[in-house]
């Protein structure tokens, strides 16, 4: 067993119970094989835009901060 794995086990044991669910969720993302996460996700492309020139306007959109104040 590597030193990093030993340290990981120690850190997990020292983790407060309240933080365990978030840590488990993060680790699941790292361990799950890519085949378990199909691409594109089901929601991808679910909305339609009203304009077709988004690529042409990309610099303008980035400069404007996507409609949010800077």
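Within the stretch 27-59, can you find the residues that are outside any helix (DSSP H, G or I) and under 30 Å from residue 11 (Cα atoms)?
Here is the first cut: in the stretch 27-59, the ones outside any helix (DSSP H, G or I) are 32-33, 37-57.
Scanning the stretch 27-59 gives 32, 33, 37.
For residue 61, are the conditions met, namely being out of contact with any helix residue (DSSP H, G or I) (no Cβ under 7 Å at 6 or more places or on another chain), modelled with pLDDT under 80 and surrounded by 10 or more Cβ atoms within 10 Å (Cβ to Cβ)? Before the answer, list the steps.
On the way: out of contact with any helix residue (DSSP H, G or I) (no Cβ under 7 Å at 6 or more places or on another chain): yes; modelled with pLDDT under 80: yes; surrounded by 10 or more Cβ atoms within 10 Å (Cβ to Cβ): yes.
Taking the combined requirement at face value, the residue satisfies it.
The values are calculated or read from the model by the stated rules, or taken from the named source; none is laboratory data. Just so we're clear, the structure is a prediction, and the values are computed from it rather than from any experiment. All Cβ positions, glycine included, derive from the backbone under ideal geometry; neighbour counts span all protein chains shown.
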